[in-house]
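These notes concern the structure reproduced below.
The values are calculated or read from the model by the stated rules, or taken from the named source; none is laboratory data. Since this is a predicted model, take the numbers as computed values, not measurements. Cβ sites come from the backbone with ideal geometry, for glycine too, and all protein chains shown count toward neighbours. What goes into the accessible areas is simple: the full protein's heavy atoms, side chains included, and nothing from ligands, DNA or RNA. Shrake-Rupley method; radii C 1.70, N 1.55, O 1.52, S 1.80 Å.
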Amino acid sequence: SSGINAEYGGGFEAVTSSLTLSKHATIPVYLIPATISNNVPGSDFSIGCDTALNTIVRSVDCIKQSAASARKRVFVIDVMGGNCGYLAVLSGLASGADAAYIPEQPVNIDELQCDAYRVMDKIEQGCHRGIIIRNENSSPHYKNDFVTALYAEEGKDKFVTRSSVLGHIQQGFGPSPFDRALAATFACKVYRDITKRLTKTEFSSDDVVVLGIRGSSTVFTPVLKLQMDVPRRVPLDNWWLDLKPLIQTLALPPSTARANSNCTARCPHCNGGGSDQDLS
């Protein structure tokens with residue numbers, strides 16, 4: 001063994017680089033997921049995504065103070081994440097948003113109007129604000145300005161609509177405690193694995209791996225075995241997608257929640273119908 005190895009961190013660009021390296025593997029290569037978008041396949045979390053999530057939630061909490069003013073405001077907030085809706089879903093759930101729009105589940109004009117009517121009902125029943133979280137790539141046509149204009153038109157004299165693009169402030173200042181602990185855990189796991197893997201004299205594509213968190217376990221996955229959509233730069237399995245229905249369920253106005261419906265009586269598309277939310 002030469003004792004040479006490579007460790008590097010990055011996002012999906014690093015994954016594509018690892019795919020190239022796997023074709024000519026002569027040393028062990030370790031990819032440590034490090035991106036706020038949390039779009040690296042093979043890991044539930046990437047270093048940096050928790051810091052970004054905390055920054056977004058703090059920013060949304062500040063915006064909610066303005067949204068709850070006497071004028072009754074609805075804010076449409078644009079967050080980062082590329083083609084991965086992790087930040088939008090988790091920040092929407094943590095901040096008590098009324099809806100979250102993500103690339104994995106494209107929204108249409110009827111659904112946008114349904115959400116606007118739902119927010120209108122909520123405000124008429126005493127709530128003083130509305131929060132809509134929109135991933136930056138959730139739709140090529142329904143941009144932040146379009147969604148803001150739609151809510152403003154539907155809301156008319158019921159509420160005032162404003163747009164907010166958080167921008168690169170989402171990258172945060174200092175890493176969160178979770179991200180610091182995750183980075184230390186990854187570094188320790190790589191060091192321990194290197195001492196075992198370098199006892200080999202020959203290496204293959206299986207020695208080009210992604211280190212990740214899966215549930216409660218830390219695992220090494222060969223890059224050639226990763227399940228991903230390369231053109232869209234996202235993994236195929238996203239555990240957090242199961243949390244998205246909770247955003248709408250928790251945001252339902254009291255009368256709608258009691259009626260066990262996911263829409264409102266004034267909605268022309270659903271006419272108060274819709275299926276029950278499955279919380280199992």
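Annotations for the structure displayed:
- Here the range 120-177 is treated as a sphere whose radius is the Kirkwood value from Cα pairs; by Stokes-Einstein at 37 °C and 0.692 mPa s it diffuses with a coefficient of 242 µm²/s.
- Inverting the pair-averaged 1/r between distinct Cα atoms of the range 58-114 gives 12.5 Å as its Kirkwood hydrodynamic radius.
- Extents of the range 10-56, largest first, come to 41, 15, 13 Å (Cα atoms, principal axes, whole angstrom).
- Mean accessible surface per residue for the range 1-155, computed with a 1.4 Å probe while every protein chain stays in place, in Å²: 36
- Two-decimal log10 I(q)/I(0) for the range 101-237, as the Debye equation yields it once each C-alpha is a single scatterer, q = 0.11, 0.16 Å⁻¹: -0.68, -0.98
- R0 of 35 Å, Cβ-Cβ distance residue 58-residue 192: FRET efficiency to nearest 0.05: 0.50
- Calculated mean residue ellipticity at 222 nm for the chain: -11500 deg cm²/dmol, from DSSP H runs with n ≥ 4 weighted as -39500 (n - 2.57), summed, divided by the residue count and rounded to 500.
- FRET efficiency estimate (nearest 0.05) - Cβ-Cβ, residue 65 to residue 24, R0 35 angstrom: 0.05
- Length-normalised contact order for the chain - Cα pairs under 8 Å, 6+ apart - percent: 27
- The radius of gyration of the Cα set in the range 1-136, together with its Dmax, comes out at 20.0, 71 angstrom.
- Cα-derived Rg to Rh of the range 33-81, Kirkwood definition: 1.16
- Candidate values [x] 200; [y] 147; [z] 128, label of the one derived for volume of the Cα convex hull per residue in Å³: [z]
- Computed on the range 86-245, with alpha-carbon pairs under 8 angstrom and 6+ residues apart, the relative contact order is 21 percent.
- With R₀ set to 51 Å, the beta-carbon distance separating residue 143 from residue 199 gives a calculated FRET efficiency near 0.40.
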